[in-house]
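Where a number appears in this text, it was derived from the coordinates with a stated rule and is not lab data. The shown structure was predicted, so the numbers you read here are calculated from the model rather than taken from an experiment. Note that we place each Cβ from the backbone using ideal geometry, even for glycine, and neighbour counts take in every protein chain shown.
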Amino acid sequence: MPNFRRRGPNTWVNVHATEKADLNDLVEVLNPSSNSGLSGTGILRTAGETFEQLIQEAAQGQHRLRGLGAGWALTDIAVTDGWLLDTKSLNGRFNVSSSYAATEYPEEKLPFLVCVQCGTSVAELTRFLEMREHKGHRRTLKTAGIGAGQTLVGAVSGNTHGSAVKVGAMPDFVVGLQLVNGTGRPIWLERASQPIMSPRFMEKTGSRLVRDDSLFDAALVSFGAFGMITAMAIETDPLYQLKFDRVQVTTTSRIKERLRNFDLNDPVDLHHYEFVYDPYEGRAMEAVGVRVPFEREFPTPEPRWLVRGSKGFAPGNLALKLAWNLPGFAKAKAKFQFDQYRKMCILDNVQGTPGQLFTATITYSEGMTESAFAVSINDAPMVMNLSSRIVKEMKIPVIAQVRVVHPTKALLGFTRHEPLTVIFEFGLADGPKYREFEQRLTEVFGRSNIPFTFHWSKNSGLTEESVRREYGSAEVNAWLAARSQLFNHDGALMELFSNEHLKRSGLAGGMNQAQAG
């Protein structure tokens, strides 16, 4: 019996109702039944063989295909008009035994090494890590975004960032990738500088080992363009908690001063730093989380939920978008948002594990979207001024949520800015003003010589020119060369995993090493 089910032609809508696609086929990929008797490596091998079969069939029919995680991306980055492969049933989580770890891998780190299948949601993974003891340890993620509904592979591939000032974004705890792209066998990709898995693991999973730092760093944030990432090896931490004092309302002036003199050790054990501000009134509030030892008796925080409506979307069903698009009262609407955020702030006088605190399974009302971009902390105070000016000129009813993270190693990771990356997020009604806002940002940052990068899953439409301007042609060419190499320079296979977003961004093709140089 095949390990997939065809649902046939389908209309697909993402979770936040910002993208819609007419599919040639929606294919649900499955794990073997629980009574199959397969080990974890056997399950990984079977999934790899299933994806390889589907890729070959798609190639014969010239159908483009993409992997579907949780459908959280706000843009068309994961959209296709061909076959969409639903991976949510592939949710295995496996501890790594010593026989499957490379001899070079430190023994003391082995209890914290976990292999995760591509359909596993962040919520499923944190439950597995935090509630189950393994070799005397309960574990948790090194960092996470505020949402738990994404699949891990989707969150990593789009560079979900969280707010870990000393760790980085979610791609930065990934140490191994199983990649299936039609080249005959799954590729197990890891850094040459950090060997992870053993030859026995390759044999049992049917994988071909590739150890290469530059290829790995390119594939980390590749939004499905390198093929199907069917599993990941991740490094976790011993279970810890984050402690947040009561959120205090302050001013943007004080926030800017803190950014200019940011101290990674103020307070001691600082882990999470974010702030929210009103561009109209200059009010702000900070959420500062320190890392503390896990306390068993500490009560579980009350989660904040947005419940889906009858149509499957968050509350509002376009009502909020209509209200926000009504002319006038932009300043009052922004004030209302700020006050509501203050009342409902999840990180206010609370202590809990990442799995307890970051519980959102849907975060936007239908008809709403978000513009997000990253800059260096050195430029962040000026960016607050410039973006606030644009908001007021356009009379947009919006507040900004801002997080600070350690720069990522991923080649096209948008959280790449040294010495610390600052991510700005503006929740907007999905429409022309959203695109105009980002265009104005691009223009003013260019005039001010401020390097920036847009969030891959939240921008309103990157172009080849803008991608090369944001990342540099050398980095883009290196990414394209890595893509071509991992596809064995097979243009037809690369086309299978292309889509309109990649074509607009100039990332749909490949490049050989001579061209890259």
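What angle, in degrees between 0 and 90 and rounded to the nearest 10, separates the Cα long axis of helix 330-344 from the longest principal axis of the Cα atoms of the chain?
Result, in degrees: 60.
Please report the spacing between the Cα centers of the stretch 250-275 and the stretch 135-186 in Å, no decimals.
After rounding, the separation between the Cα centres reads 26 Å.
Tell me, Kirkwood radius of the stretch 470-516 from alpha-carbon pair distances, in Å? Provide the component values of the computation, followed by the final result.
Values: mean 1/r = 0.0941 Å⁻¹.
This gives a value of 10.6 Å.
Give the longest segment of the chain that steers clear of chymotrypsin sites (Phe, Trp or Tyr not before Pro) in DSSP loops with at most 15 neighbouring Cβ atoms within 10 Å, not counting the sites themselves.
1-293
Calculate log10 I(q)/I(0) of the stretch 394-472 for q = 0.23, 0.25, 0.26 Å⁻¹, where I(q) comes from the Debye formula with a single equal point scatterer on each Cα and nothing for solvent.
-1.33, -1.48, -1.54
Give a residue-ordered list of calculated ³J(HN,Hα) values for the stretch 146-162 (Karplus: 6.51 cos²θ - 1.76 cosθ + 1.60, θ = phi - 60°; whole Hz; x for Gly, Pro).
Taking θ as phi minus 60°, the curve returns 6, x, 10, x, 5, 6, 4, 5, x, 5, 5, 5, x, 6, 4, 10, x Hz for the stretch 146-162.
How about the stretch 229-262: which trypsin sites (Lys or Arg not before Pro) there are in a DSSP loop, with at most 16 other Cβ atoms within 10 Å of their Cβ? Display every interim value, and only then the final one.
On the way: sites: Lys243, Arg246, Arg254, Lys256, Arg258, Arg260; in loops: Arg246.
Answer in residue order: Arg246.
For the chain, give me the percentage of DSSP beta bridges that are antiparallel, rounded to the nearest 5 percent.
Numbers: 69 of 83 bridges.
In the chain, approximately 85 percent of DSSP beta bridges are antiparallel ones.
In Å, what Rg and Dmax follow from the Cα atoms of the chain?
Rg then Dmax for the chain, in Å: 22.3, 65.
Please arrange Lys503, Lys142 by counting, for each residue, the other beta carbons lying within 10 Å of its beta carbon, fewest first. Intermediate results must be reported in sequence, preceding the final value.
Numbers: Lys503 12, Lys142 21.
Fewest-to-most ranking of Lys503, Lys142: Lys503, Lys142.
Identify the trypsin sites (Lys or Arg not before Pro) of the stretch 1-83 meeting these criteria: DSSP loop state and at most 15 other C-beta atoms within 10 Å of the C-beta.
Within the stretch 1-83, the qualifying trypsin sites (Lys or Arg not before Pro) (loop, at most 15 other Cβ atoms within 10 Å) are Arg7.
Per-residue ellipticity at 222 nm for the chain, helices alone: DSSP H runs ≥ 4 residues times -39500 (n - 2.57), over residue total, nearest 500 deg cm²/dmol?
Roughly -9000 deg cm²/dmol at 222 nm, from the helical runs in the chain.
Which shape class, rounded, prolate or oblate, goes with the stretch 1-99 when its Cα gyration tensor gives a ≥ b ≥ c as root eigenvalues, a/c under 1.5 marks rounded, and past that a/b bigger than b/c marks prolate?
Judged from the Cα gyration tensor, the stretch 1-99 comes out prolate (a/c at least 1.5, a/b above b/c).
Any idea what angle helix 473-486 forms with the longest principal axis of the chain, computed on alpha-carbon atoms, 0 to 90 degrees, nearest 10?
30 degrees
In Å and from the alpha-carbon atoms only, list the Rg and Dmax of the stretch 132-291.
19.5, 61
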